[in-house]
1. Applying the selection to the stretch 72-86, what residues are surrounded by 20 or more Cβ atoms within 10 Å (Cβ to Cβ) and under 22 Å from Asn135 (Cβ atoms)?
2. Check Arg57, Arg30, Arg51 and return the single one that is of a type outside the set (A, V, I, L, M, F, W, C), without any contact (Cβ under 8 Å) to a residue 24 or more places away in the chain and surrounded by 13 or more Cβ atoms within 10 Å (Cβ to Cβ).
3. Does at least one position in the stretch 71-84 carry a residue that is of a type outside the set (Asp, Glu), in contact with a helix residue (DSSP H, G or I) (Cβ under 6 Å, 6 or more places away or on another chain) and assigned to a strand (DSSP E or B)?
4. Considering (1) of a type in the set (A, V, I, L, M, F, W, C); (2) over 13 Å from Thr15 (Cα atoms); (3) over 16 Å from the mean Cα position of the chain (by Cα), say which one Val56 fails and leave the rest.
5. In the stretch 4-27, what residues are closer than 22 Å to Thr137 by Cβ, surrounded by fewer than 17 Cβ atoms within 10 Å (Cβ to Cβ) and either modelled with pLDDT of 90 or more or touching a Lys or Arg at 6+ places or on another chain (Cβ under 6 Å) (or both)?
6. Would you confirm, using the coordinates I've provided, whether Lys65 is of a type outside the set (Phe, Trp, Tyr), free of Cβ contacts under 8 Å to residues at least 40 places away in the same chain, surrounded by fewer than 16 Cβ atoms within 10 Å (Cβ to Cβ) and part of a strand (DSSP E or B)?
7. Hey, which of the helices (runs of 4 or more DSSP H) in the stretch 87-189, taking only ones fully inside, have at least 1 residues that are at pLDDT 55 or above and surrounded by 10 or more Cβ atoms within 10 Å (Cβ to Cβ)?
Amino acid sequence: MNFVRKKEDDLIRKTVDISRVSKVVKGGKRMSFTALCVVGDGAGKVGVAKRKGADVRIAVDKAGKKAQEKMVRINTEGSTIPHTITGVHCRSKVLLKPARPGTGIIASAPVRAVVESCGISDILTKSLGSKNIVNVTYAALDGLLNLKVSKKKVPGIEEFASVRETEAPDAAEGNAPKRSNKSRKSTSGTSVKKEK
């Protein structure tokens, strides 16, 4: 695993993994390289891509460009995430938990690359299942993509809650409507005649 951090155009580019692959052809084996790259702006956007090339540099450039095209917005809350979530990809699972400010990033190398590129600086993580680098990276991205928006970020949520509270009936003060006894019938089923 080889980590390379570059800043170009205010983007954080990281190479998570480089591997050599071969393809058997008629004349023998054709060697090539695959690169897994993570690109983020450090402010809530991140992208992951894997590409192949005849040379390491070509593979890294192709993966970096594709990751930049696939950048997506992540819902964050300050320097951490809004809630606990588990990302899944193939046989890999990554548990992501919010942390207090100053905790730092407690994560393995692939998860750290995704989280740092996104701009999260306080988080607790745990890799479950398969330890494959590619699957763990995509599992971390899957967990971040499924984060829900915090209520603090929803515009007008406080005003809506205050209106609901004022309009709600105050049952504790006894203002609830009472049921009328007009519709009740006698248990015997017979009506009582009035005496003259």
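1. If the condition is that a residue be surrounded by 20 or more Cβ atoms within 10 Å (Cβ to Cβ) and under 22 Å from Asn135 (Cβ atoms), then Ile74, Ile81 are the ones that fit.
2. Arg51
3. Within the stretch 71-84, none of the residues are of a type outside the set (Asp, Glu), in contact with a helix residue (DSSP H, G or I) (Cβ under 6 Å, 6 or more places away or on another chain) and assigned to a strand (DSSP E or B).
4. In the conditions (1) of a type in the set (A, V, I, L, M, F, W, C); (2) over 13 Å from Thr15 (Cα atoms); (3) over 16 Å from the mean Cα position of the chain (by Cα), Val56 misses (2) alone.
5. Let us first name the residues in the stretch 4-27 that are closer than 22 Å to Thr137 by Cβ, namely 4-8, 11-21.
Imposing the further condition that a residue be surrounded by fewer than 17 Cβ atoms within 10 Å (Cβ to Cβ) reduces the set to 4-8, 19-21.
If the condition is that a residue be closer than 22 Å to Thr137 by Cβ, surrounded by fewer than 17 Cβ atoms within 10 Å (Cβ to Cβ) and either modelled with pLDDT of 90 or more or touching a Lys or Arg at 6+ places or on another chain (Cβ under 6 Å) (or both), then Arg5, Lys6, Ser19, Arg20, Val21 are the ones that fit.
6. Taking the combined requirement at face value, the residue does not satisfy it.
7. Result: 109-118, 133-145.
The values are calculated or read from the model by the stated rules, or taken from the named source; none is laboratory data. Keep in mind the model is a prediction, meaning the values are calculated, not measured. Cβ: placed from backbone, ideal geometry, glycine included. Neighbour counts: every protein chain shown.
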